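K.L.:
The structure's right below; bear with me while I get my questions together.
The values are calculated or read from the model by the stated rules, or taken from the named source; none is laboratory data. Because the structure is predicted, anything quoted here is derived from the model rather than measured. In this analysis, Cβ positions are derived from the backbone assuming ideal geometry, glycine residues included, and neighbour counts consider all displayed protein chains. The accessibility values were calculated without ligands, DNA or RNA, using every heavy atom of the protein model including side chains. Shrake-Rupley method; radii C 1.70, N 1.55, O 1.52, S 1.80 Å.
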Amino acid sequence: NAGVIQTPRHKVTGKGQEATLWCEPISGHSAVFWYRQTIVQGLEFLTYFRNQAPIDDSGMPKERFSAQMPNQSHSTLKIQSTQPQDSAVYLCASSLDGQYEQYFGPGTRLTVL
Amino acid sequence: QQQVRQSSQSLTVWEGETAILNCSYENSAFDYFPWYQQFPGEGPALLIAIRSVSDKKEDGRFTIFFNKREKNLSLHIKDSQPGDSATYFCAASDAGGLSGKLTFGEGTQVTVIS
């Protein structure tokens, strides 16, 4: 079991550029969650897919952020026109059924200069 | 509004002692409470979890005590080891609801001194 895989581990972008973060959930898990971690805000929920369908995006900033899950083996989080305040560690988690145990990947550290 | 709150930002214990981390929550709909352990540069790792139908969950040196009436819970780390030095997050979700999203506390940084 390779665990949740996130790529890249580190990404540096210039202000205004686009960033795409990738997540590969644990094989067989039907649910994928995205969270963001900063020193100031802590761990915050962003969005959630189950069986590739978007279920809850209540934590997603309304502008510039989007997420997709085109197949059961990967999900992407895209940030358009990145801003310095988007700098954070973006964490992906997967769950067998979306209800209980969530297993996190190592995260992608995004730095916006 | 902080729906999940951890009472201490940091905690220092001696090797062999029991570390006690406290957590409280506000949303009565929360029914699943995991604790995560995080080391620098890594993602949070699921340590132990409890459902609201139980008042105690034990796994090796780690025990959760849960009080539904008071809306609080605690994590006890027995016989603390230097390797337990990490940040611990209390989390909660309404697992029976539409979304299993986790709401996290602020984290408690535990340091075990040998």
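K.L.:
For B:R5, what charge total do you get from the other residues with a beta carbon under 9 Å from its beta carbon, if Lys and Arg give +1 and Asp and Glu give -1?
P.N.:
The answer is -2.
K.L.:
Determine the total buried accessible area between chain A and chain B, counting protein heavy atoms only with a 1.4 Å probe; round to the nearest 100 Å².
P.N.:
Between A and B, the summed buried area is about 1600 Å².
K.L.:
In whole Å, largest first, what are the principal axis extents of the Cα atoms in chain B?
P.N.:
44, 29, 22
K.L.:
While we're looking at this one, here's another question. Quick one: how many lysine pairs does region B:1-105 have with C-alpha atoms less than 17 Å apart and a gap of 8 or more or different chains? Give me the count, please.
P.N.:
Going through region B:1-105 pair by pair, I get 6.
K.L.:
Averaged per residue, what accessible area in Å² does the protein assembly as shown show with a 1.4 Å probe, protein chains only?
P.N.:
So the protein assembly as shown comes to 49 Å² accessible per residue, rounded to a whole number.
K.L.:
I need the phi-derived Karplus couplings for region B:71-80: 6.51 cos²θ - 1.76 cosθ + 1.60, θ = phi - 60°, integer Hz, Gly and Pro marked x.
P.N.:
Residue by residue, region B:71-80 yields 6, 8, 8, 9, 10, 9, 10, 7, 6, 4 Hz.
K.L.:
Follow-up. Can you check what the net charge comes to around B:S114, using other residues whose Cβ is under 14 Å from the Cβ of B:S114 (Lys, Arg +1; Asp, Glu -1)?
P.N.:
-4
K.L.:
Next up: For chain A, what are Rg and Dmax over the alpha carbons, in angstrom?
P.N.:
My reading of the Cα-based Rg and Dmax gives 13.1, 38 Å.
K.L.:
I want to verify a result. In a Gaussian network model of chain A, Cα cutoff 10 Å, which of these has the top mean-square fluctuation: A:V89, A:V12, A:V40?
P.N.:
A:V40
K.L.:
Continuing with this model, one more query. Taking all protein chains in place and a 1.4 Å probe, what share, in percent, of the accessible surface of region B:29-89 do carbon and sulfur account for?
P.N.:
Using a 1.4 Å probe with all protein chains present, region B:29-89 comes out at 47 percent carbon and sulfur.
K.L.:
Per residue of region A:65-80, what does 6.51 cos²θ - 1.76 cosθ + 1.60 with θ = phi - 60° give for ³J(HN,Hα)? Whole Hz please, x for Gly and Pro, Karplus curve as stated.
P.N.:
9, 8, 9, 9, 9, x, 8, 6, 9, 7, 10, 10, 10, 10, 10, 8
K.L.:
On to the next question. Sort out for me the Cα centre separation of region A:32-87 from region B:38-72, rounded to whole Å.
P.N.:
26 Å
K.L.:
Also, quick follow-up: Rounded to whole Hz and in sequence order, give me ³J(HN,Hα) for region B:33-40 from the Karplus expression 6.51 cos²θ - 1.76 cosθ + 1.60, θ = phi - 60°, writing x for Gly and Pro.
P.N.:
9, x, 10, 10, 10, 10, 9, x
K.L.:
So what's Rg/Rh here for the protein assembly as shown, counting alpha carbon atoms and using the Kirkwood radius for Rh?
P.N.:
Dividing the radius of gyration by the Kirkwood radius yields 0.97.
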